[in-house]
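Accompanying notes for the structure given below.
The values are calculated or read from the model by the stated rules, or taken from the named source; none is laboratory data. Note that the structure is a prediction, hence the values are computed from the model and not measured. Cβ placement follows ideal geometry from the backbone for every residue including glycine, while neighbour counts extend to all protein chains displayed.
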Amino acid sequence: MEKSLDHKLARILADRSCNDFILADAKDADMAYGLSAPGRSPEHYAGEAKFRTLDEYRQLMRDIVHQGLVDIMLMSASSSEVLTIQERLFDNSHVTPAVRANDTTDIWLAAGSGRYGGQPSRPFRTATIDQIMCGKVECGPEERRVGAELGLYSVTFNNDTELDRATLEAYKAFRLEAEGKGFRHFLEVFDPNAPGEHRPEDLPRFISDHIVRVLAGVAGRGRPLFLKIVYHGPAAMEALAHYDESLVVGILGGSSGTTFDAFHMLWEAKKYGARVALYGRKINNSEHQLSFVKYLRAVADDQLGPEEAVRAYHGELQKLGIRPYRLLAEDLRRGDTTSAYSGSGTGIGSRRRVTTGTRPAPSRPAVEPDFSKMTQAEKVQWNLDRWKRILG
């Protein structure tokens, strides 16, 4: 079956003014969080850290693929082996399976340690391209279409020559192997997670310049299909999206925030040039994922505005007998969302609010501490306390 991703990418590249928008559900969190990755269980009680099981997490993937409103389902290699290779879930679906192809150290977020997210990112890959494509160490030429043919590769630049050079060497090796094996990828660029004293003065420009500089040396067959980056507001998005018409720019969702946060970020990013959104926690932590995706798609296709979509979503929750996490008035406000995997605020841009648009942003519920004056243990505890607030 023709995949909607390929169809939309072709139309976007042919006509940047077309209305097509690519939507992905990022359910690869088991490569970052551990037991909490599947999200909070509907059966949890106040003060109880009860999470869904991995089987329940994968069932949600099946449900969303069958719904057919996303274009990409991003998974871990182990989930893809079950759903793509064994169950053949995507054979008769227009949804494209994709796998997280690397797991850099800044997404190692085991709750018992908490240190890795605050240390400078180092490159690492658990899964191999062959294992993603066919489920084993070496694939024969006829086996490379058995599994996923698309992967996410992530990089984090910390404004340090040696660290960033190692990151780029690892990306270069991946690109060359991927091109030789017919494996496509999209590129995720995180904000610096631990730049120390070398914090870029203009973070959006720092990220954009790194992207275009890196890709200037990459020939067509080795280039990413699209980007996945932190949304830094209209000016930064417009500048990057208009720099190179062959470069399709997408945004990552970050932490949950309010429903308005999720819908408005997509709506605004599209207005200024984004053509892809990859939402993980925003979907996974919603009250009812199928309904949330339904209205996310309506916003992406310009069928509803962000505020209309929030109201419609609450109406659907009421029909389903599902109690929303927030009152409608609260869910229509801007929240405080994080864009880093760790949610710790120890790097630049890991905590960010978009303040553009007509709706004023409310004050933060808590004052962010001065991390430069905190011990490592205090940083770890602050991070753990924050995740308790996010996950409930």
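Residue by residue, here is whether (1) over 20 Å from residue 65 (Cβ atoms); (2) under 19 Å from the mean Cα position of the chain (by Cα); (3) modelled with pLDDT under 95 holds:
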residue	(1), (2), (3)
86	no, no, no
94	no, no, no
126	yes, yes, no
149	no, yes, no
164	yes, no, no
Does the stretch 65-89 hold any residues that are within 23 Å of residue 125 (Cβ to Cβ) and either assigned to a helix (DSSP H, G or I) or not aliphatic (A, V, I, L, M) (or both), and which are they? 76, 77, 78, 79, 80, 81, 82, 83, 84, 85, 86
Residue among 204, 195 that alone is buried (at least 18 other Cβ atoms within 10 Å of the Cβ) and more than 20 Å from the chain's Cα centre (by Cα): 195
Take residue 263 and decide whether it is in a helix (DSSP H, G or I), closer than 24 Å to residue 25 by Cβ and not basic (Lys, Arg). yes
Quick one: would you say residue 305 is touching a residue at least 24 places away in the same chain (Cβ under 8 Å), closer than 27 Å to residue 248 by Cβ, among the small types (Gly, Ala, Ser) and surrounded by fewer than 16 Cβ atoms within 10 Å (Cβ to Cβ)? yes
Which numbered condition trips up residue 117, out of (1) at pLDDT 95 or above; (2) crowded, with 20+ Cβ neighbours inside 10 Å? (1)
Out of curiosity, is residue 190 crowded, with 19+ Cβ neighbours inside 10 Å and hydrophobic (A, V, I, L, M, F, W, C)? yes
Any idea how many residues of the stretch 118-162 are over 18 Å from residue 187 (Cβ atoms), part of a helix (DSSP H, G or I) and out of contact with any Phe, Trp or Tyr (no Cβ under 7 Å at 6 or more places or on another chain)? 9
Flagged in the stretch 32-64 as modelled with pLDDT of 90 or more, surrounded by fewer than 15 Cβ atoms within 10 Å (Cβ to Cβ) and not in a helix (DSSP H, G or I), in numbering order, are 53
Exactly one of 225, 187, 176 is at pLDDT 95 or above, part of a helix (DSSP H, G or I) and hydrophobic (A, V, I, L, M, F, W, C), and that residue is 176
Residue 278 passes all but one of the listed conditions (1) of a type outside the set (Val, Ile, Thr); (2) touching a helix residue (DSSP H, G or I) at 6+ places or on another chain (Cβ under 8 Å); (3) within 24 Å of residue 222 (Cβ to Cβ); (4) crowded, with 24+ Cβ neighbours inside 10 Å; the exception is number (2)
Could you check the stretch 284-325 and list, in sequence order, the residues that are in contact with a Phe, Trp or Tyr (Cβ under 8 Å, 6 or more places away or on another chain), of a type in the set (Asp, Glu) and not in a helix (DSSP H, G or I)? 287, 301
Restrict the check to the stretch 93-111 and report whether at least one residue is in contact (Cβ under 8 Å) with a residue 40 or more places away in the chain, surrounded by fewer than 20 Cβ atoms within 10 Å (Cβ to Cβ) and more than 26 Å from residue 276 (Cα to Cα). yes
